[in-house]
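For reference, the structure is listed below as structure tokens.
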Amino acid sequence: MIRVAINGYGTIGKRVADAVAAQPDMEVVGVSKTRPSSEALIANERGYPLYITDIANRAKFEAAGIEVAGDVEEMLKKCDIVVDATPGGVGKENKKLYELYGVKAIWQGGEKHEVAGISFNSSCNYNDAFGADYVRVVSCNTTGLCRIIRLIDEKYDVKSVFATMVRRGSDPGGIKKGPVDAIVLNPVTIPSHHGPDVQTVLPDINIVTTAMIVPTTFMHMHVLQMELVNEATTADVLELIRSHPRIGLVKGSTGITSTAELRELASDMGRPRSDLWESCVYEDSVSVVGDRLYLFQAIHQEADVVVENIDAIRAMMKATAEAGESIRMTNEALGLKAI
Ligand code: NAD
């Protein structure tokens, strides 16, 4: 069993912990919190040993009825690999600790590429992470872009990409972020950072991106345009998308044209936390016009990177040399059959 610790049990960390616990070849040896919270109580309830960043706070946790197993350093002594899911910028400060305890580490997209030197997406560069000590799983938006661009590039040779990200203002549990009533160009300058971030995984892709933030909490929406070298038809592209284990097609016959209806679908499917780990491409939007492919895809920001973290663990621990095998195992353990 691969012994996994999760440092930072928040939006991403709690999902990664549950996904690790579901795998046949992995176990959760600990999760960490900074303060007593409902999430800490849930960690106790799920049987994940709870470690805290500052052991001086132990009494506060215990007063709240939360059992503490020790501090983060003790957690690191018990694991083979740590998934750092602390807020962006905090993770890089933890690297010294991971080096000290000689554990492999995975960071999230809120950290810069340089923290690990390898930016990861299992459909694109699983082999780069094979046996590596440090890896960064790219952000939710970059994950969504990488999956579809790589798929299309392999068959049709993508000459250029233009993508606009319509981003959620906050995660559903957030109370401090907005906007409440505005469309915010974020950034107002073009290109946005997402294109260069895609290039940390797919360095040869010529891509320009723009981004804005809107008052919604569930999912981002991507508007994508790809210029193709090889001839394509809409029907063939749809067939190709159907073959990808982590890209779902939102069928026209469902009548779904929004993210709200996708959340309802995920909930009706019995997905934990209504999580959509797959990218959701709207079938009716997929159009080849001349040498261009156009499509809309919705990306569940809290979920798509979770499955990538699981594959990164397998690659780094050399559990399987085949990306496809790891993806299959991860999907099967979670019950992910793309929509
Ligand atoms: P979050 O704020 O929901 O959770 C972070 C957790 O880390 C919190 O529980 C916090 O208490 C804890 N924490 C803070 N400082 C800590 C420390 N020093 N040691 C241990 N724990 C600490 O954040 P999140 O949304 O889960 O984001 C985590 C990372 O994932 C970031 O890099 C972010 O950019 C990335 N990410 C977030 C999303 C998203 O939509 N939420 C999507 C993809 C990637």
Rounded to the nearest 500, what is the chain's calculated 222 nm mean residue ellipticity when only DSSP H runs of at least 4 contribute -39500 (n - 2.57) each, over all residues? -9000 deg cm²/dmol
Share of carbon and sulfur in the accessible heavy-atom surface of region 285-339 [1.4 Å probe, %]: 52 percent
Helix 11-22 versus the longest principal axis of the chain: what is the Cα-based angle in degrees, 0 to 90, to the nearest 10? 80 degrees
Build a GNM of the chain with springs between Cα atoms under 10 Å: which of 133, 204, 181 gets the top mean-square fluctuation? 181
Counting only DSSP beta bridges fully inside the chain, the antiparallel percentage to nearest 5 is 40 percent
Loop-resident sites, region 1-99, for GluC sites (Glu not before Pro), counting at most 15 other Cβ within 10 Å (DSSP): 67
From highest to lowest solvent-accessible area (probe 1.4 Å; ligands, DNA and RNA excluded), 34, 11, 142, 320 read 34, 11, 320, 142
Find me the longest stretch of the chain that has none of the exposed trypsin sites (Lys or Arg not before Pro), where exposed means in a DSSP loop (not H, G, I, E or B) with at most 14 other Cβ atoms within 10 Å. 47-175
With both bridge residues required to lie in region 140-299, what share of the DSSP beta bridges run antiparallel, to the nearest 5%? 65 percent
Restricting to DSSP loop positions (anything but H, G, I, E, B) with no more than 13 other Cβ atoms inside 10 Å of their own Cβ, which GluC sites (Glu not before Pro) remain in region 227-315? 231
Cα centroids of region 48-74 and region 132-206: how far apart, whole angstrom? 36 Å
Virtual spin-label span in nm between residue 253 and residue 291, 7 Å along Cα→Cβ: 3.6 nm
Does anyone have the angle between helix 259-268 and the longest principal axis of the chain? Alpha-carbon axes, 0 to 90°, nearest 10? 60 degrees
Keeping all protein chains in the complex and leaving out DNA, RNA and ligands, what accessible area do you get for residue 37 with a 1.4 Å probe, in Å² to the nearest 10? 40 Å²
Taking only Cα atoms, what is the 0 to 90° angle, nearest 10, from helix 304-316's long axis to the longest principal axis of the chain? 70 degrees
Per residue, how much accessible surface does the chain expose to a 1.4 Å probe? Answer in Å², no decimals. 42 Å²
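The values are calculated or read from the model by the stated rules, or taken from the named source; none is laboratory data. Source: prediction; values computed, not measured. So basically every Cβ, Gly included, is an ideal-geometry build from the backbone, and we count neighbours across all protein chains shown. Surface areas here come from the heavy atoms of the whole protein model, side chains and all, with no ligands, DNA or RNA. Shrake-Rupley method; radii C 1.70, N 1.55, O 1.52, S 1.80 Å.
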